[in-house]
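Here is the structure we will look at, set down as structure tokens.
The values are calculated or read from the model by the stated rules, or taken from the named source; none is laboratory data. Bear in mind that the values here come from a model prediction, so they are computed numbers and not experimental data. We place every Cβ from the backbone using ideal geometry, glycine too, and count neighbours over all the protein chains shown. Just so you know, the surface numbers come from the protein's heavy atoms only, side chains and all, with ligands and any DNA or RNA stripped out. Shrake-Rupley method; radii C 1.70, N 1.55, O 1.52, S 1.80 Å.
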Amino acid sequence: DGNELADLKEFTEGKKQETVSDMFGAAKGRNVIFVSLESTQSFVVNEKVNGQEITPFLNDFINSSYYFENFYHQTEQGKTSDSEFIVANSLYPLGRGAVFFTHADNKYYTLQHILRENSYYTAVFHANNASFWNRDVMYESLGIEKFFDVNSYEVHEGNSVGWGLKDKEFFEQSASLMKEMPQPFYSYFITLTNHFPFQLEEEDKLLKDYDSSSDILNRYLQTVRYQDEALKHFIESLKKEGLYENSVIILMGDHYAISENHNKAMAEFLGKDEITPFDTVQLQRVPFLIHMPGISDQNPHTYDQVAGQIDVKPTLLQLLGIQAKHSVQFGSSVFSENKADFTVLRNGSFITEHYISASNICYKKETGEPLESSEMCSVFEEKAQEELLASDKIIYGDLLRFYPSDRYSQLLTE
Ligand code: GP9
Ligand code: MN
């Protein structure tokens, strides 16, 4: 009942974004352009194959941005949809199945709801069928006003590959669709070309072929490189359309791409003998970058703060100077001075400043060596389980329906 929600609120209250940071309100009133990068893992960043950079644009963009190199995805079977769920809610996705399908009728209090209360227009751009991942239904519950789905784009054989519209075309067409939007807006772009099985036409290949023992990894590097190029063009068109200066641009990888079936090739790539459970956790890092023209380019920084997708909502609210008192959230702003170095993955693995727990083994982070006893991890172990359980309770019990705000319920009935 409502009391249960009150208990859980207390649980999450300690990590609220109100915690001190001089970043509070740094991007106040700006448009938000959030790009969810399909299957993009951090191991490609600032790396070369055959002497060629895999992500030359991103590597350069980092030099004028805030970049988080220890940022983890927290998705499970719901993949992209899980990442959308985490970002919107700062709740964990479910351990099994996709919450986009199983709990689409729940009440939520999302980043979109809060931004709408603050006069933002909210939209998602993604050139796929609206019903994929049950998005058309779930987006209503998440408070997203407009979904530019496949029907908003001109898609034909000539501009498609693999799953559909090529990223370059997607961004190009999106840039003109964006002009129709009222400002300020919160816009969320989901790329597609860098999706398993990573198909690309010869003319779009910008790298010499990598030749590890895994075709999947070899193809992946090409599609990552292509996506990087598409991103570069997108930023250029934002500048042309006058949508760059007054925006905050966020880039985030949605989830892993290369499964453990390709460990042998990954070991080759990383120059290791084998991939241990420790390495597997470290491979769950995805890029997270915040770019604020006129601000982040003045003092770019790469942070080693441990963080995860759960922290995105509090981070954005803090940057936009919004306090969202009633939001129940499990993350905290990556800029908050007292943010703990502690991130829990959905399978129960976790990362702290000095340790990583994976497959119930406690590893020393610095060396990747397993510790003989798991004592150093055990206190965090309990915390990790508590987190996941509390978040699950909210979803299974649909507890946010007890949320008190009048304005919020108004939005829901509109
Ligand atoms: C589909 C796209 C990919 O619309 O978001 O979903 P995924 O398979 O990565 O979860
Ligand atoms: Mn995805």
Q: Report, by residue number, each residue of the range 309-340 that is in a helix (DSSP H, G or I) and of a type outside the set (Lys, Arg).
A: Gln309, Ile310, Asp311, Val312, Pro314, Thr315, Leu316, Leu317, Gln318, Leu319
Q) When Ile86 is evaluated against the numbered criteria (1) more than 26 Å from Gln227 (Cα to Cα); (2) within 19 Å of the chain's Cα centre (by Cα), which criterion, by number, is the only one it fails? A) (1)
Q: Might you check whether a residue that is of a type in the set (D, E, K, R), within 19 Å of Ile33 (Cβ to Cβ) and in contact (Cβ under 8 Å) with a residue 60 or more places away in the chain occurs anywhere in the range 115-122?
A: yes
Q) Quick one: is Tyr256 more than 25 Å from Met178 (Cα to Cα), within 16 Å of ligand 2 (Cβ to nearest atom) and out of contact with any Leu (no Cβ under 9 Å at 6 or more places or on another chain)? A) no
Q: Count, please, the residues in the range 296-324 that happen to be farther than 20 Å from Ile356 by Cα and either modelled with pLDDT under 95 or surrounded by 17 or more Cβ atoms within 10 Å (Cβ to Cβ) (or both).
A: 13
Q | Filtered residues of the range 239-264 (kept if in contact with a Ser or Thr (Cβ under 7 Å, 6 or more places away or on another chain) and away from ligand 1 (no atom under 16 Å from the Cβ)) | A | Glu260, His262, Lys264
**Q.** Among residues of the range 104-128, those that are touching a Leu at 6+ places or on another chain (Cβ under 9 Å), open to solvent by 30 Å² or more (accessible area, probe 1.4 Å) and not hydroxyl-bearing (Ser, Thr, Tyr), counted
**A.** 4
Q | Filter result (more than 10 Å from ligand 1 (Cβ to nearest atom), touching a residue at least 60 places away in the same chain (Cβ under 8 Å) and not small (Gly, Ala, Ser)) within the range 123-134 | A | Val124, Phe125
Q | Selected residue [away from ligand 2 (no atom under 16 Å from the Cβ), modelled with pLDDT of 95 or more and either assigned to a loop (DSSP other than H, G, I, E, B) or not basic (Lys, Arg) (or both)] from Glu140, Glu180 | A | Glu140
**Q.** Residue that is buried (at least 16 other Cβ atoms within 10 Å of the Cβ), within 16 Å of ligand 2 (Cβ to nearest atom) and among the β-branched types (Val, Ile, Thr), where the choices are Val286, Val248, Val281
**A.** Val286
(Q) I need the full set of residues from the range 57-103 which are of a type in the set (A, V, I, L, M, F, W, C), surrounded by 23 or more Cβ atoms within 10 Å (Cβ to Cβ), away from ligand 2 (no atom under 13 Å from the Cβ) and farther than 28 Å from Glu47 by Cβ, in order please. (A) Ala88, Leu91, Leu94, Val99
Q. Of these, Ser81, Ser39, which one is assigned to a loop (DSSP other than H, G, I, E, B), polar (S, T, N, Q) and within 16 Å of ligand 1 (Cβ to nearest atom)?
A. Ser39
Q. Do we find that Phe100 is within 14 Å of ligand 1 (Cβ to nearest atom), at pLDDT 95 or above and out of contact with any Asp or Glu (no Cβ under 8 Å at 6 or more places or on another chain) in this structure?
A. no
Q: Determine whether the range 155-163 contains at least one residue that is part of a helix (DSSP H, G or I), closer than 27 Å to Val99 by Cβ and away from ligand 1 (no atom under 14 Å from the Cβ).
A: no
Q. Does Ser187 meet the test of being part of a strand (DSSP E or B), in contact with a Phe, Trp or Tyr (Cβ under 8 Å, 6 or more places away or on another chain) and either polar (S, T, N, Q) or at pLDDT below 95 (or both)?
A. yes
Q: Kindly provide the set of residues from the range 184-213 that are polar (S, T, N, Q) and either crowded, with 20+ Cβ neighbours inside 10 Å or within 16 Å of ligand 2 (Cβ to nearest atom) (or both), ordered by number.
A: Ser187, Thr191, Thr193, Asn194, Gln199
**Q.** Candidates Val344, Val379 - the one that is out of contact with any His (no Cβ under 6 Å at 6 or more places or on another chain) and modelled with pLDDT under 95
**A.** Val379
Q. If you go through the range 114-133 one residue at a time, how many are modelled with pLDDT of 95 or more, in contact with a Phe, Trp or Tyr (Cβ under 8 Å, 6 or more places away or on another chain) and within 25 Å of Gly29 (Cβ to Cβ)?
A. 7
Q) If you go through the range 339-358 one residue at a time, do you hit one that is over 14 Å from Val281 (Cα atoms) and open to solvent by less than 30 Å² (accessible area, probe 1.4 Å)? A) yes
Q | Enumeration of residues in the range 162-180 that are within 30 Å of Ser119 (Cβ to Cβ) and either of a type in the set (Ser, Thr, Tyr) or open to solvent by 10 Å² or more (accessible area, probe 1.4 Å) (or both) | A | Glu172, Gln173, Ser174, Ser176, Leu177, Lys179, Glu180
Q. Restricting the search to the range 143-153, which residues are assigned to a loop (DSSP other than H, G, I, E, B) and either among the basic types (Lys, Arg) or open to solvent by 40 Å² or more (accessible area, probe 1.4 Å) (or both)?
A. Glu145
